[in-house]
Amino acid sequence: MLTEQSVERGFRKLFDTVGFGEGEFEKAEDLLDQLRPESPLKHRLGCELDELRELVATGR
């Protein structure tokens, strides 16, 4: 199991570049699965991931 710090670092690296897609979303989900279900970080990053998906879906 990864630490919260390493999960957050990996999550940020995935979306650090322009032009990310479904592959990055899947990797981000895998990272979030490494966190405890009750983790506030898991909730926060999950919300950010949902927002990013919406932005990509709307073409922004």
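For this structure, a couple of remarks:
- Residue by residue, the range 31-37 carries 3J(HN,Hα) couplings of 5, 5, 5, 6, 8, 5, x Hz when phi is fed to the Karplus relation 6.51 cos²θ - 1.76 cosθ + 1.60 (θ = phi - 60°); x denotes Gly or Pro.
- q = 0.25 Å⁻¹, the chain: log10 I(q)/I(0) [Debye, one scatterer per Cα]: -1.05
- Coupling constants for the range 7-24 follow from the phi torsions by the Karplus curve (6.51 cos²θ - 1.76 cosθ + 1.60, θ = phi - 60°), and in residue order they are 5, 5, 4, x, 4, 5, 5, 4, 10, 7, 10, 7, x, 6, x, 4, x, 5 Hz; glycine and proline get x.
- Computed magnitude of the charge dipole of the chain (debye, nearest 20; Cβ of K, R +1, Cβ of D, E -1): 200
- Modelled this way, with points 7 Å down the Cα-to-C-beta line, the labels at GLU48 and PHE25 are 1.8 nm from one another.
All of the numbers you see were taken from the coordinates with simple rules; none came from a lab. No experiment lies behind these values; they were computed from the predicted model shown. Using ideal geometry, Cβ is built from the backbone for each residue, glycine included, and neighbour counts are taken over all protein chains shown.
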